[in-house]
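Bear in mind these aren't lab numbers, they're just calculated from the coordinates by the rules spelled out. These numbers come from a predicted model, not from an experiment. Please note: Cβ atoms are built from the backbone with ideal geometry, for glycine as well, and neighbour counts cover all protein chains shown.
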Amino acid sequence: MCGIVGHLGPQNSVDVVIEGLKRLEYRGYDSAGVSFISSDNELMVYKKKGEIANLISELDGKDIKARSSIGHTRWATHGGVNDQNAHPHAAPERGLSMVHNGIIENANELRDFLSSKGHKFESETDSECFLRLMLFHLDEGLDIKDAVIQSFKKIKGHSAFVILYKETDEIYAIKNGAPLVCGINDINSEAFVSSDPYALAGMANKIYFPENEVLCHLSPSNQNILNFYELNGEKSKRYTAKAQNMDHDPAAKGDYEHYMLKEIFEQPELIRSLTQFYFKGEGKDSLLKALSLPRKNVHITACGTAFYAGMVIKDFIEKENRIPCKLEIASEFRYRNPVLSNDELALFISQSGETADTLAAQQLCKEHGVKTLSIVNTEGSTLYRDCDANLLIRAGIEIGVASTKAFTQQALTGYLLSQVIKHNGMTDEVRNLLSGKLSLLAERIDNLLAREDEIKAIAKSIYQYNGYFFTGRGIYFPIALEGALKLKEIAYVHAEGYAAGELKHGPIALIDDQKVNVALVGPELFEKTVSNIQEIKARDGIIVSIGPKNNKELDEISDYYFGVELEGLEDLSPICLNIVNQLLSYHIAKLLGTDIDKPRNLAKSVTVE
Ligand code: AGP
């Protein structure tokens with residue numbers, strides 16, 4: 001997903017935009033660019049391949065005082081990674097520049113049409129079509145507002161566009177299916193636009209979430225610096241507004257070397273605050289609202305780590321309530337013409353609430369009259385706004401591309417949902433029982449985190465092997481999958497998650513003395529899991545066991561054994577074992593020297609198919 005920031009107001013606009021882009025670099029970063037109106041009223045464009053630091057050094061020593069500016073960090077979808085394909089795309093001589101997030105699905109058709117009208121494309125991107133469409137309409141004599149509207153009407157696919165126009169010193173923004181947020185600071189008379197409210201934290205004091213096809217207009221010359229219009233030109237009320245109370249601490253990493261490590265260590269506190277939110281705070285009502293939805297059976301749909309959290313939630317709901325839960329990978333579900341009925345519940349799990357495949361799956365369920373519930377981190381996200389009910393996971397901003405605290409909070413929010421269904425509500429007795437359990441979990445995770453050096457030592461012993469299996473049975477199988485994903489994502493090493501009982505049906509052929517098997521072992525199916533470990537050991541596999549503490553049998557058969565106190569938390573023990581996986585992957589990646597917070601090829605939120 002690309003990052004977009006726009007600003008206009010009295011302070012130097014380029015500084016504001018660059019600061020916003022830095023905050024969004026975690027979302028997509030193979031090039032970055034900025035355009036602004038210079039003090040001698042020229043439209044300037046600077047854009048560079050690579051991280052934002054390259055753009056900043058490009059701007060060094062240049063006159064960048066500006067009252068309006070737009071910027072972009074790119075995660076390439078169409079066209080290679082180079083300066084030319086970076087955004088903004090602009091016609092400086094016409095005073096027009098734009099940035100884009102999403103995919104223009106009819107780009108080829110538009111490119112042919114515009115080329116036939118004499119337009120010369122300078123990049124390989126789909127995004128440049130929108131710039132040339134606007135120029136085409138300006139040449140027809142339309143004003144900039146109508147040129148934007150008419151161009152937008154020709155675009156197919158999910159996109160958000162932000163446009164800077166020198167002639168009238170204004171910014172327009174509009175979206176369909178991609179994230180877009182506006183903001184104002186009415187004290188400093190500033191207006192902002194971005195793809196992520198986090199970019200505006202500490203700058204805007206009020207934020208607005210426009211709906212699809214609402215034209216946002218930022219202009220210093222209007223009475224209101226920010227206005228919203230329908231495509232027919234009339235004023236629009238299709239937006240929600242809220243005070244922006246998201247603090248942004250530039251030293252957000254604190255003493256941690258990486259955001260990912262900070263977010264791993266935040267988990268105990270977040271579990272405690274989740275308990276407060278749902279048992280004593282505004283979350284109570286949303287749990288009861290979720291309870292009111294039909295649930296003859298449940299379709300759980302998500303992607304990546306959120307999908308693995310969904311596997312854990314399926315286990316919680318089925319074990320406690322005997323309600324059939326069907327797990328769906330969003331990118332598959334949306335195209336297989338699923339059988340749906342309106343007495344079912346569609347549960348969507350997402351950290352960002354902007355994952356294109358998950359959003360499309362949610363829209364499909366809505367079209368079938370199925371009630372939709374989200375377990376989501378980002379309030380105000382598209383998923384949050386489109387679902388019939390939402391359960392917030394209260395994980396705070398997750399900067400590390402590899403999801404850690406969001407997984408834990410997603411799984412626990414699903415656990416609370418399973419308990420509310422089981423007890424058909426939340427009596428004081430149930431509330432006390434659950435808050436006791438979650439505070440014990442938080443305490444156990446604190447204890448695990450205090451043993452980081454032990455995990456670091458295991459990482460140091462195994463980081464140079466050339467292949468990893470993560471195996472588990474039952475509720476530990478999703479933890480095996482999630483553990484393998486973490487290692488792949490941040491260490492770039494080949495790792496596979498497998499049901500422990502499945503290895504002997506083929507994959508065990510890969511086992512030799514250069515392969516590591518990280519065995520997730522719980523009290524459930526303990527003996528079966530141990531026999532699977534024996535099968536791997538018999539073929540010289542290196543065994544790392546993460547399982548119940550002080551277990552002699554595990555200690556004897558493992559090359560490395562990390563015992564976890566699971567007493568009294570059996571049903572939540574997968575959450576504990578997963579914390580060990582998070583730290584193990586982190587330290588292996590650190591030893592391999594990869595970019596842990598911004599792994600290659602990845603983006604924090606995948607808003608394209
Ligand atoms: C997790 O570490 C990955 N970054 C990725 O799998 C992510 O979980 C997936 O893209 C879903 O994102 P979402 O939770 O924002 O929908």
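Quick notes
- D60-E109 pseudo-label distance in nm [points 7 Å out on the Cα-to-Cβ vector]: 4.8
- Theoretical FRET efficiency, 1/(1+(r/R0)^6), r = Cβ-Cβ of T427 and N297, R0 22 Å, to 0.05: 0.25
- The charge dipole of region 337-433, taken about its Cα centre with unit charges on the Cβ atoms of Lys, Arg (+1), Asp and Glu (-1) only, comes to about 200 debye.
- Calculated FRET value between N12 and N601, using beta carbons and R₀ = 35 Å, to 0.05: 0.55
- Per-residue Cβ neighbour counts within 10 Å put R539, R322 in the sequence R322, R539, beginning with the fewest.
- Computed helical MRE - 222 nm, the chain, DSSP H runs ≥ 4 contributing -39500 (n - 2.57), nearest 500: -11500 deg cm²/dmol
- Distance between the 7 Å Cα→Cβ label points at A450 and E379: 3.3 nm.
- Translational diffusion of the chain, estimated by Stokes-Einstein from the Kirkwood radius over alpha carbon pairs at 25 °C in a medium of 0.890 mPa s, is 96 µm² per second.
- Considering only the chain, percent of DSSP beta bridges that pair antiparallel, nearest 5: 60
- Cα-based convex hull, region 52-127, per residue volume (Å³, whole number): 111
- Each of K549 and N337 was given a label point 7 Å from its Cα along the Cα-to-Cβ line. The distance between the two points is 5.5 nm.
- As a calculated quantity, the FRET efficiency between E269 and E565 at R0 = 22 Å, using C-beta atoms, amounts to about 0.65.
- With contacts taken as Cα pairs under 8 Å and at least 6 residues apart, the chain reaches a relative contact order of 11 percent.
- Cross-link pairs beyond the 19 Å C-alpha cut-off, checked among K289/K371; K253/K405; K242/K598; K242/K280: K242/K598; K242/K280
- The Cβ shell under 12 Å around L43 holds other residues with a net charge of -3, Lys and Arg each +1, Asp and Glu each -1.
- Annotation: amide H of H78 within the under-5 Å range of D126, sequence separation 5 or more or interchain, hydrogens built in the peptide plane.
- Pairs beyond 25 Å (Cα-Cα), from K22/K284; K175/K206; K366/K486; K22/K262: K22/K284; K366/K486
- Set of aspartates and glutamates near K319 by C-alpha distance (under 12 Å), chain-local residues within fewer than 8 positions excluded: D571
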